[in-house]
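S.K.: My questions will all concern the structure given below.
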Amino acid sequence: MTLRNALKSIITAAMMLSAAGLATQAKADAVDDITKAGAINVGIFSDFPPFSSASADMSIKGYDIDVAQAIADALKVKLNLVSVTGQNRIPYLTDKRVDILMSVGYSKEREQVIDFAAAYAPYYIAVIGPAELAVKGKDDLAEKSIAVNRGTLEDTSLTQAAPASADIRRFDNYNSVIQAFISGQTQLMVVGNDVGAQVLAKQDALKPEQKFQLLTSPSHIGLNKNEDRLKKAVNDAVAKMLADGKLDESSKAWLKTPLNPDNLKD
C-alpha cells in the first residue's frame, strides 16, 4: 500500500467514525438521557396543595407526585423533584434543567414553545355549597349569595353564568372567600377544585359538596418538543393509571372526589 492510499484509508475511517458518532447523537433523546442519569427531573410547584405540598414528614406529596412517581417507575429510574415557579418553569424545561413539568394548562401560546402529553389531572371551577342546599345548575344561583375571588377566572366564569338576581360577593383572596362561606356570610362559593378539595376535606359539620362545574381546563404534563419517546412513555404511564384505577385513587385521596374521565378532556 502506498503512502497516499494509506492516508486515504485513515481519512475514510475517521470520517466513518465521525458519521457514526453524529448518527448516535442524532438518535439520542430525553429518554436516553434520563436512563443514563438514572433519574427523571420533574418540575413541580412545591406549595400547591392538593397537587403537591410538604407533608408532616417534610416530604413532598400530592396528586402530582403520585403521577410523577408512576412515570419514574415506568422508566425504571429515580424520581427527582425540582421546585419551579410560574415564571421560571418554562425556561427550566427548555434549558433541560427539568425533563417534564407537572400541572401545565394547555394554551396555543405555550404550544409554540413546548409540547403537551395527554391530560392527567382535572382542573375545573366549581360551585360549592352545603349538602342541604339544592343547587343543580346556573339557574339555581338566582337570589343566592356567592363568594368568589375578585378578578380571577372564577369571577369571570361566575359573572357570565349567574342570573342577574344572584348576590355575587367578591373578596380579595381565597382565604377570605373560604371564610365567608364557612362562616355563613354566603350560601355558596366558587373556586377551583384545588381550593375546593381543601374545604371538602376539613368541613365535616358543614358537609360541603360540589354542586356543578362552570369551566373545565385539565392539567397536562409539559415536555420539550420532538421528544416522541418520552411523550409516549408519559402517556402510557398515565393511561395505565387510568385503566388500573390508580388515578381514581389519587383523585379520591387528594381531590376528595372520584375521578371523572370527562374532566380530562380539553
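S.K.: Test each condition in (1) modelled with pLDDT of 85 or more; (2) out of contact with any helix residue (DSSP H, G or I) (no Cβ under 8 Å at 6 or more places or on another chain) for D66 and report the one that comes out false.
M.R.: (2)
S.K.: Within segment 93-105, can one find any residue that is more than 19 Å from S217 (Cβ to Cβ) and among the hydroxyl-bearing types (S, T, Y)?
M.R.: Taking every residue of segment 93-105 in turn, at least one turns out to be more than 19 Å from S217 (Cβ to Cβ) and among the hydroxyl-bearing types (S, T, Y).
Yes/no per residue for (1) surrounded by fewer than 19 Cβ atoms within 10 Å (Cβ to Cβ); (2) among the acidic types (D, E); (3) at positive phi:
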{"site": "Q160", "(1), (2), (3)": "yes, no, no"}
{"site": "D172", "(1), (2), (3)": "yes, yes, no"}
{"site": "T186", "(1), (2), (3)": "no, no, no"}
{"site": "N193", "(1), (2), (3)": "no, no, no"}
{"site": "D204", "(1), (2), (3)": "yes, yes, no"}
{"site": "R229", "(1), (2), (3)": "yes, no, no"}
{"site": "K232", "(1), (2), (3)": "yes, no, no"}
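S.K.: Would it be correct to say that D172 is at pLDDT below 95 and farther than 17 Å from A126 by Cα?
M.R.: Yes: the conditions hold for D172.
S.K.: Next question. Can you run down the residue pairs with Cβ atoms below 7 Å, 6 or more apart or on separate chains, where the first is in segment 157-185 and within 19 Å of P208 (Cα to Cα) and the partner is in a helix (DSSP H, G or I) and open to solvent by less than 60 Å² (accessible area, probe 1.4 Å)?
M.R.: Here the result reads I168/L158; R169/A180; Y174/V195; I178/V199, each pair linking segment 157-185 to a residue that is in a helix (DSSP H, G or I) and open to solvent by less than 60 Å² (accessible area, probe 1.4 Å).
S.K.: Then there is this: Name every residue in segment 138-158 that is among the small types (G, A, S) and surrounded by 15 or more Cβ atoms within 10 Å (Cβ to Cβ), in order of residue number.
M.R.: Result: S145, A147, S157.
S.K.: Additional query: Go through E227, E209, E249 for me and flag whichever is modelled with pLDDT under 95 and among the acidic types (D, E).
M.R.: Answer to the selection: E209.
S.K.: Something else about it: With segment 33-137 as the region, which helices (runs of 4 or more DSSP H) entirely inside it contain at least 2 residues that are open to solvent by less than 60 Å² (accessible area, probe 1.4 Å)?
M.R.: Helices (runs of 4 or more DSSP H) meeting the threshold: 63-75, 89-94.
S.K.: Within segment 242-250, identify whether any single residue is farther than 30 Å from K202 by Cβ and open to solvent by less than 70 Å² (accessible area, probe 1.4 Å), and answer yes or no.
M.R.: No, there is no match, as no residue in segment 242-250 is farther than 30 Å from K202 by Cβ and open to solvent by less than 70 Å² (accessible area, probe 1.4 Å).
S.K.: Within segment 191-250, can you find the residues that are closer than 30 Å to V148 by Cα, without any contact (Cβ under 8 Å) to a residue 40 or more places away in the chain and among the hydrophobic types (A, V, I, L, M, F, W, C)?
M.R.: Of everything in segment 191-250, those that are closer than 30 Å to V148 by Cα, without any contact (Cβ under 8 Å) to a residue 40 or more places away in the chain and among the hydrophobic types (A, V, I, L, M, F, W, C) turn out to be V195, A205.
The values are calculated or read from the model by the stated rules, or taken from the named source; none is laboratory data. None of these values were measured; they are calculated from a predicted model. Here the Cβ is made from the backbone with ideal geometry for all residues, glycine too, and neighbour counts use every protein chain on show. The accessibility values were calculated without ligands, DNA or RNA, using every heavy atom of the protein model including side chains. Shrake-Rupley method; radii C 1.70, N 1.55, O 1.52, S 1.80 Å.
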